[in-house]
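The values are calculated or read from the model by the stated rules, or taken from the named source; none is laboratory data. If you're wondering where the values come from, they're calculated on a predicted model, not measured in any experiment. Methodologically, a virtual Cβ is constructed for each residue, glycine included, from the backbone with ideal geometry; neighbour enumeration extends over all protein chains shown.
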Amino acid sequence: MKYSYKLSDAIHVLTYLIIYKDGDLSSKTIADSIESNASTVRNLMSDLRSAGLITTKVGSASPALNARPSEISILDVYKAVDMDHNLLHIDPKTNPQCVVGGSIQDVLDDAYAEIQQSAFQKMDEITIADITEGILQRQQQD
C-alpha cells in the first residue's frame, strides 16, 4: 500500500511560512526542509492558493497565509490538497455467498462513515496555530 504525504507536506509548508516568515520562502528552500523537490512544493502551494489559504506572487518568493493560523484547520488543509476524502476503504470484492462476505461491506460502510465523521470533526478542531506552537515548544525542549 502506498501512502500519500500531501497532507503532512502541506501542513509543513504552512508552518514553515509562519516560522520563517522573514526568511527565504522559496519553493527550493521549503523543499529542502521537507526533503522533497521544489516542484512538489509549488504544486502544494498551488493547491493551498486555490483553496484560498495562501497568497503567492509569480516570480516572487513571498507566499503568505490568507488567514490567521488559528483560523486554518487541518481539515481545511486536507480539503485543499484534494486528498481521497475516504479515510478508510472497504474491500469491494468479498464472497456474497458467505454470511460474512455478503454483509460485511454494508456493516463496515456504516461503521467507517461514523469513524470518518469523528476524524473530520477532530481535524476541524486542530489548527495550524496548534501545530506551529507544538513545533516551537519541541524546539525549545531540545
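Annotations
- Residue satisfying condition, being touching a His at 6+ places or on another chain (Cβ under 8 Å) and within 23 Å of Y3 (Cα to Cα), within set I90, I34: I34
- Just one residue in the set I34, I90, I135 is of a type in the set (V, I, T) and farther than 16 Å from D9 by Cβ; that residue is I90.
- One residue stands out in segment 113-141 among those that are among the small types (G, A, S) and in contact (Cβ under 8 Å) with a residue 12 or more places away in the chain: the one that is surrounded by the most Cβ atoms within 10 Å (Cβ to Cβ), namely A129.
- Residue match in segment 42-59 (condition: in contact with a Phe, Trp or Tyr (Cβ under 9 Å, 6 or more places away or on another chain), modelled with pLDDT of 95 or more and β-branched (V, I, T)): no
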